[in-house]
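Structure first, commentary second.
No value in this document is a laboratory result; all are computed from the given coordinates. Just so it is clear, the structure is predicted and the values come from calculations on it, not from any experiment. Cβ: placed from backbone, ideal geometry, glycine included. Neighbour counts: every protein chain shown.
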Amino acid sequence: MGEAATAEVEVIRSEEVRSHGGPVARTLSDAPSHRVLLLELTPGRELPPHRPPSRLILCVLQGTAELLTGDTTRWLLAGEVATVPAGIARGVRCPAGRLVALAIVAPPPSADDHLGDESVAWPVPSPGPDPAAVIRSEHRELISGVAHLGLLAQRLSGGGVDQLEGEIRTAIEFLEHELLPHARAEERLIYPKVERVLRAEGQATAAMEYDHRRIEGLAADLGRAAAAEHSDEARGLLQQLATTVQLHFDKEEELYLPLLSRLGPEERQAMVRSLRGGHPEEPTPRQGAGKGDGDKGDTR
Ligand SMILES: [Fe+2]
Ligand SMILES: [Fe+2]
């Protein structure tokens, strides 16, 4: 007990693991019964196929792993665990991005077990059908209907809704029968898969940064349209800006900001200090937990 209480605890965060071109594996524990390795692989680096008389347990901590077992490959994402029985060929590589994984090998293999085995090799990849191409082609089919909504809005600015009643009804039918079914299919079939990859690879806020870049672009276009006295273009850009910024704020406040309540009080306190430019009137941790915690934040 006393020894355990004074022992040094090393915490390694998966994003901090760096092999810098050195060995792809760092040994965390080496016992007669098992060896625990921390792997960091980038594309082009791998544990080549071999067939040791040891059981392998591979826990993916970050990114995607391509795992060869026997003569098939499986793709694992962060949070997934695979076991390979002793005597079965195995190899690990990273198809894209960066892979961090914990490998437990029992019993520890000898140096000879790691020599290349001519009889095991990565299978030749077959590209197969691409779901992204299916969605892109649906978008191309929908885009003329979407463009028509914009044209209808322009015509409405010169006349009443009553004169365009039929066309507005057609537009609503397009939304109900074509656009929204497409969106619902994405929620059912595409987003859950994207979610799995995002959990493994990160970049869940890339869509919000994309909005920021879009707003910057619209602001620059507005400046040019105003300088050239193009009133219609400036009006359209102002409408786009208002809609884009409002939607962006809504997403930030309803989806992203509540997630900050999952951080510890110290980290939130430091964020408030940074946001306020280090001014001394930052709230205490209790106050820092603030309004967000009182409403929906902590109850999720
Ligand atoms: Fe879509
Ligand atoms: Fe923002």
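Sort through Ala207, Ala219 and tell me the only one that's of a type in the set (Gly, Ala, Ser) and in contact with a Lys or Arg (Cβ under 9 Å, 6 or more places away or on another chain). One residue alone meets the criteria, Ala207. Selection of the range 118-145 for residues being within 30 Å of Ile88 (Cβ to Cβ) and of a type in the set (Ser, Thr, Tyr) yields Ser119, Ser126.
Taking first residues from the range 245-264 that are touching a residue at least 60 places away in the same chain (Cβ under 8 Å) and partners that are surrounded by fewer than 12 Cβ atoms within 10 Å (Cβ to Cβ), no Cβ contact under 6 Å between residues at least 6 apart in sequence or on separate chains turns up. Within the range 89-101, the set of residues being surrounded by fewer than 17 Cβ atoms within 10 Å (Cβ to Cβ) and either under 21 Å from Arg55 (Cα atoms) or touching a helix residue (DSSP H, G or I) at 6+ places or on another chain (Cβ under 6 Å) (or both) comprises Gly97 only.
Table: residues versus (1) within 16 Å of ligand 1 (Cβ to nearest atom); (2) out of contact with any helix residue (DSSP H, G or I) (no Cβ under 7 Å at 6 or more places or on another chain).
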site: Ser126; (1), (2): no, yes
site: His139; (1), (2): yes, yes
site: Ser144; (1), (2): yes, yes
site: Leu151; (1), (2): no, yes
site: Gly158; (1), (2): no, yes
site: Asp162; (1), (2): no, yes
site: Ala171; (1), (2): no, no
site: Leu175; (1), (2): yes, yes
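Considering each residue of the range 226-234 in turn, none proves to be under 26 Å from Cys94 (Cβ atoms) and either in contact (Cβ under 8 Å) with a residue 40 or more places away in the chain or among the hydroxyl-bearing types (Ser, Thr, Tyr) (or both).
For Arg140, the requirement of being basic (Lys, Arg), loosely packed, with under 10 Cβ neighbours inside 10 Å and farther than 30 Å from Pro48 by Cβ is met.
If you go through the range 197-233 and pick out every residue that is assigned to a helix (DSSP H, G or I), surrounded by 14 or more Cβ atoms within 10 Å (Cβ to Cβ) and away from ligand 2 (no atom under 16 Å from the Cβ), you end up with 9.
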